[in-house]
1. Going by how many other beta carbons lie within 10 Å of each one, how would you line up 170, 116, 135, fewest first?
2. Ranked by Cβ crowding within 10 angstrom, fewest neighbours first, how are 40, 238 ordered?
3. Could you give the semi-axes, largest first, of the ellipsoid that matches the chain, computed as the square roots of 5 times the alpha carbon gyration tensor eigenvalues and rounded to whole Å?
4. By how many nm would the segment from residue 244 to residue 78 grow when fully extended, if each residue of separation counts as 0.36 nm and the alpha-carbon distance is taken off?
5. How much length would be gained if the chain were fully extended between residue 224 and residue 137, taking 0.36 nm per residue of separation minus their Cα-Cα distance, in nm to one decimal?
6. Angle between the Cα long axis of helix 138-150 and the longest principal axis of the chain, 0 to 90 degrees, nearest 10?
7. Suppose only helical runs count, i.e. DSSP H with n ≥ 4. What mean residue ellipticity at 222 nm does that imply for the chain under -39500 (n - 2.57) per run, divided by all residues and rounded to the nearest 500 deg cm²/dmol?
8. Taking the chain as the reference, fit the longest principal axis to its C-alpha atoms, fit the long axis of helix 109-122 to the helix C-alpha atoms, and give the angle between the two in degrees, 0 to 90, nearest 10.
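Bear in mind that the values in this text are calculations on the coordinates, not laboratory data. Please read these numbers as outputs of a predicted model, since none were measured by experiment. Because the Cβ atoms are built from the backbone with ideal geometry, glycine has one as well, and the counts that use them run over all protein chains shown.
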């Protein structure tokens, strides 16, 4: 039986500074926290608090100016990354967009078909496999993006405001879809969001960053019982936690 690693990743005094024409821009300062495997972490904070920078550091797209990010493995974990825009290939249908990462890795055609079929079913797009991205709704396009990120079975799923461009009703539905997918796959997830309600519906834990340079103002465990649904938003404890997060952000 495989022993679970004690943590998925650990940040030790991580800071990030960007050079600018008139000096330096401090995006993050002395960020310290650890995430256990399979935890769903949400990161909240005002605009300019370094949330997206933090995500790019975790993805290995940036190297910290100071401090370090540690992993239990000797290698950088595999990462699935989903942005606010789905960024689908317009000349590839839903099936071909989802299967693209495996094609680029040269995976056997039979395995590609099996895993793409599994992902299509996971995100509920069985009737749209041959649909072009231009005809998809925003929510459906993000389902494709999530499936494309998950098809490689990443160690870490990073989501940067994936529902930020959607209308309120679609955003709520997609939050429910993401919750369902996480409960089935149990990946370690870091979701950047501006929505307090979304963070509480989805997460095991919420970190609130201050304005630039981003530091941790609040690190709060979300003890709302699972499974959760839209009705969870009306729970008195949900309201109490919302107030705590809003106070930390303000």
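1. The fewest-first ordering by Cβ neighbours comes to 135, 170, 116.
2. Least crowded to most crowded, the residues run 238, 40.
3. Details: eigenvalues 169, 101, 69 Å².
That gives 29, 23, 19 Å for the three semi-axes.
4. 56.4 nm
5. Length gained between residue 224 and residue 137: 28.2 nm.
6. Helix 138-150 and the main axis of the chain meet at about 90 degrees.
7. Result for the chain: -10500 deg cm²/dmol, rounded to the nearest 500.
8. 60
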